[in-house]
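Structure first, commentary second.
The values are calculated or read from the model by the stated rules, or taken from the named source; none is laboratory data. In this text, all values refer to a predicted model and were calculated from it rather than measured experimentally. Here Cβ is always computed from backbone atoms with ideal geometry, including for glycine, and neighbour counts include all displayed protein chains.
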Amino acid sequence: MNPIKRELLDLHRINHIDAEIFIDRFINKYWGKNISARIITGNSEAMKEISISKLNFYDIKFTIGNKWESTSKSFIDFII
């Protein structure tokens with residue numbers, strides 16, 4: 001069985017202003033390729049809000065964290 005490939009954008013050590021640019025570039029790079037993607041936000045609520053705002057702008061459906069582990073909310077998964 002082949003593992004599912006997932007593209008990652010890790011926002012650790014990225015400031016909030018630059019995060020919007022990184023997210024735009026990431027989404028545009030993979031737009032329409034029907035791949036699984038993940039933005040790693042860490043525990044920053046501001047970084048989560050920036051990421052969610054961008055995903056909503058592009059009308060991308062997403063899930064926050066791991067549905068099997070309710071304490072893990074440091075990433076956002078989506079298909080683009």
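Residues of the range 38-65 that are under 14 Å from Phe75 (Cβ atoms), of a type in the set (S, T, N, Q) and not in a loop (DSSP other than H, G, I, E, B): Ser51, Thr63.
A count restricted to the range 38-65 and to residues that are without any contact (Cβ under 8 Å) to a residue 24 or more places away in the chain and surrounded by fewer than 14 Cβ atoms within 10 Å (Cβ to Cβ) stands at 8.
Glu7 passes every criterion in (1) over 15 Å from Phe75 (Cβ atoms); (2) at pLDDT 95 or above apart from (1). Against the conditions (1) at pLDDT 95 or above; (2) at negative phi, Thr71 satisfies every one except (1).
Residues in the range 15-37 that are assigned to a loop (DSSP other than H, G, I, E, B) and touching a residue at least 12 places away in the same chain (Cβ under 8 Å): Trp31, Gly32, Lys33, Asn34, Ile35.
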